[in-house]
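The values are calculated or read from the model by the stated rules, or taken from the named source; none is laboratory data. For clarity, every value in this text was computed on a predicted model and none was experimentally measured. FYI the Cβ positions are ideal-geometry reconstructions off the backbone, even for glycines, and counts take in every protein chain you see. The area values use the complete protein model at the heavy-atom level, side chains included, leaving out ligands, DNA and RNA. Shrake-Rupley method; radii C 1.70, N 1.55, O 1.52, S 1.80 Å.
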Amino acid sequence: MVQLTEETYLYDPNLLLKLDFHRSPANFKPFISAANPGEPWMKVRPLKDTDYDRGFLQLLSQLTHVGNVNRTQFLTRFSQMKASGDYFVTVIEDTRKNEIIGAASLVIERKFIHNCAVRGRLEDVVVNDTYRGKQLGKLIVVTVSLLAEELGCYKMSLDCKDKLIKFYESLGYVAIPGNSNSMTIRYDEGPTLKRNATSAGSSGTVGDSCQTNSQFYNFFSPFCY
């Protein structure tokens, strides 16, 4: 007898059923949503602990360097994210192939400001490039953006390349005048920062990708101050 392995969601999938896609300025033709993604074989849902076998990491490798992450590492990180309660990795699955074809992450930051409010960050947006023309990029971004509102975030932010600014603007994000730079200091490449107190000074690399620090502003204005 084959024993079925119980699957665990990263967060409650019922949250996605509460999202009102009519609140988004995104222009879907035809109209789709997380509950009805346009094809019967597509499903929008939270990441599962079994998605290691559905090519989730391989999909992320289309976006950036992932590394040689084994199953144990994946499950450990999944458990850490779930325990924190602040990570909402959302995926699109092609149920015909049992394969993850789209993903985006909402990361919650807990603040002291704004009466101990929470802020959302949009991270790691990627769609399998063989599924173009099905509005999946818009679908996954709007899903996690609406989810940020549902969770009470007072604002949602992202960094993107210049060529993607128009795309994100079409989904309701705007660049804030005078505050549209994204700056980074990297610790995983380039010169190593010197932390020795006896050294002459510290050196590091500040990312040269001053792209856009957009905020989810014009259709979530009740949460943006």
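Give me the lysines in straight-line cross-link reach of K155: C-alpha distance below 16 Å, same-chain residues under 8 apart excluded.
Those lysines meeting the cut-off are K111.
When Lys and Arg each count +1 and Asp and Glu each count -1, what net charge do the other residues less than 13 Å away from L15, Cβ to Cβ, add up to?
My count for the surroundings of L15 gives -2.
Under 17 Å Cα to Cα from K82, which lysines show up? Leave out anything in the same chain fewer than 8 places away.
Output for K82: K48.
What length, rounded to one decimal in nm, is gained on full extension from D20 through to E189, with 0.36 nm per residue of separation minus their alpha-carbon distance?
This chain segment gains 56.7 nm when fully extended.
So for region 1-68, taking the charge dipole from beta-carbon charges (+1 Lys/Arg, -1 Asp/Glu), which of L16, G38, A26 sits furthest toward the positive end?
Towards the positive end, the residue furthest out is A26.
Return one whole number: the accessible area per residue of region 65-157 in Å², for a 1.4 Å probe.
48 Å²
Using 7 Å Cα-to-Cβ label points, what is the E6/Q73 separation (nm, one decimal)?
2.9 nm
Could you look at region 1-43 and say what percent of its accessible area is carbon and sulfur, using a 1.4 Å probe and all protein chains?
So the carbon and sulfur contribution to the accessible surface is 52 percent.
Using only the alpha carbons, work out the radius of gyration and Dmax of region 11-167 in angstrom.
When restricted to Cα atoms, region 11-167 yields Rg and Dmax of 15.4, 46 Å.
Pairs K29/K97; K18/K43; K97/K161; K43/K138; K29/K161: which exceed 20 Å Cα-Cα?
In this structure, K29/K97; K97/K161; K29/K161 lie more than 20 Å apart at Cα.
What does the extension gain come out to for N115 and E169, with contour length at 0.36 nm per residue minus their alpha carbon separation?
That pair, N115 and E169, stretches by 16.6 nm at full extension.
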